[in-house]
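The values are calculated or read from the model by the stated rules, or taken from the named source; none is laboratory data. Everything numeric here is computed off the predicted structure, so don't read it as measured data. Virtual Cβ from ideal backbone geometry, glycine too; neighbours counted across all protein chains shown.
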Amino acid sequence: MEKVIKRPESAQHFMVLKPVFREVVVCSLSGKEIARSIDTIRLLESRKTLFDPVIYLPRLDVLASLISNPKKSSCPLKGVASYFDFSDNGEVVTDVAWSYEETFDFASQIHGLIAFDTGKVSIEERPTSS
């Protein structure tokens, strides 16, 4: 089900959450599979510009070990994000993923889900088997 979430004090800042009806596979740039899910949400966000879409998936669908790091960021629409690193064949990829562990009530649909930086991983959407 598609859901539109607007920032209460700024209607120009909003996001649309849409289910992804495909299998999503996340791999490191070296080809190692990090996550696989058929239960994902695509987040489209607009403020003064339209941001690139982001796919969020359940933490249980992450196959690799992510290493929590101290970085945090804040979004007035979503909440506070925590960041994760990933060790790929001995090389640490920093800030490869993030998760909103502290969300605003109106953004609770993404609470605890994981998103990956598309500049640090490859994300492929595949048709699901019926």
Next on the checklist: Within region 2-45, take every residue that is of a type in the set (A, V, I, L, M), in a strand (DSSP E or B) and surrounded by fewer than 14 Cβ atoms within 10 Å (Cβ to Cβ) and give me the one that is modelled with the lowest pLDDT.
Outcome noted: ALA11
Next on the checklist: Being closer than 21 Å to ARG22 by Cα and of a type outside the set (Gly, Ala, Ser) is the requirement here; does ARG36 meet it?
Outcome noted: yes
Checklist outcome for this item: Only unsatisfied item for GLY79, checking (1) within 30 Å of SER129 (Cβ to Cβ); (2) in contact with a Ser or Thr (Cβ under 7 Å, 6 or more places away or on another chain), is (1)
Checklist outcome for this item: Scanning region 82-108 for residues that are in contact (Cβ under 8 Å) with a residue 12 or more places away in the chain, within 17 Å of ILE41 (Cα to Cα) and either surrounded by fewer than 17 Cβ atoms within 10 Å (Cβ to Cβ) or among the aliphatic types (A, V, I, L, M) (or both) gives ALA97, GLU101, PHE106, ALA107
Item to check | Residues (in contact (Cβ under 8 Å) with a residue 12 or more places away in the chain and part of a strand (DSSP E or B)) located in region 46-55 | outcome: SER46, VAL54, ILE55
Checklist entry - Filter region 109-130 for residues that are surrounded by 13 or more Cβ atoms within 10 Å (Cβ to Cβ) and free of Cβ contacts under 8 Å to residues at least 40 places away in the same chain; which is farthest from LEU17 (Cα to Cα)? => result ASP117
